[in-house]
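This report concerns only the one structure given below.
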Amino acid sequence: VGDNMNVLAIRGATTVTSNNKQEILDESAKLIQTIIIENLLDVEDIISMCFTMTSDLDKVYPSVAVREILNICDVPMLNFEEKYIEGSLRMCIRVMMYVNTEKNKSDIRHIYLNNSKNLRTDITKDEL
């Protein structure tokens, strides 16, 4: 890591409409691709990713989409089940991506797609 580099975390989430393998893969890939594009990331700067999914999603791991659709195979990834809280958003995929960057925290764009926009109305953008 260079002198001007920071290690920062980027949050993101999306939802699917059903517990369907292809939809989980497609939405997971779209989420990661959007994070990369919106934050002008070089894949080489991604340190790792941690995914969670709600317990109603069990057909495929989100990390499979990163490897097989986006062809990002050299980034360590973990998949977890999100803690269930009564009344919480269902059919949700979340990610925390750690990156090396010259950006500051205030420059980072956290990405919330589909129904997950309701999770963080304080930082979601209407254009996504």
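For the chain, divide the Cα radius of gyration by the Kirkwood radius and give the resulting Rg/Rh value with two decimals.
In the chain, Rg relative to Rh is 0.96.
Considering only DSSP beta bridges whose two residues both sit in the chain, what percent are antiparallel, to the nearest 5?
Here the antiparallel bridges make up roughly 70 percent for the chain.
Once both labels are modelled 7 Å past Cα along the beta-carbon direction, what's the Asn79-Asn115 spacing in nm?
Label-label distance for Asn79 and Asn115, simple model: 2.1 nm.
Angle between the Cα long axis of helix 21-38 and the longest principal axis of the chain, 0 to 90 degrees, nearest 10?
30
Starting from 0.36 nm per residue, how many nanometres of slack lie between Asp42 and Lys21 once their C-alpha separation is accounted for?
Full extension from Asp42 to Lys21 adds 4.8 nm.
Note down the accessible area of Tyr112, probe 1.4 Å, to the nearest 10 Å².
For Tyr112, the solvent-accessible surface is approximately 10 Å².
The values are calculated or read from the model by the stated rules, or taken from the named source; none is laboratory data. What you are looking at is a predicted structure, and each value in this text was computed from that prediction instead of being measured. Positions of Cβ are backbone-derived with ideal geometry, glycine not excepted, and every protein chain shown enters the neighbour counts. We work out accessible area using only protein heavy atoms, side chains counted, and drop any ligands, DNA or RNA first. Shrake-Rupley method; radii C 1.70, N 1.55, O 1.52, S 1.80 Å.
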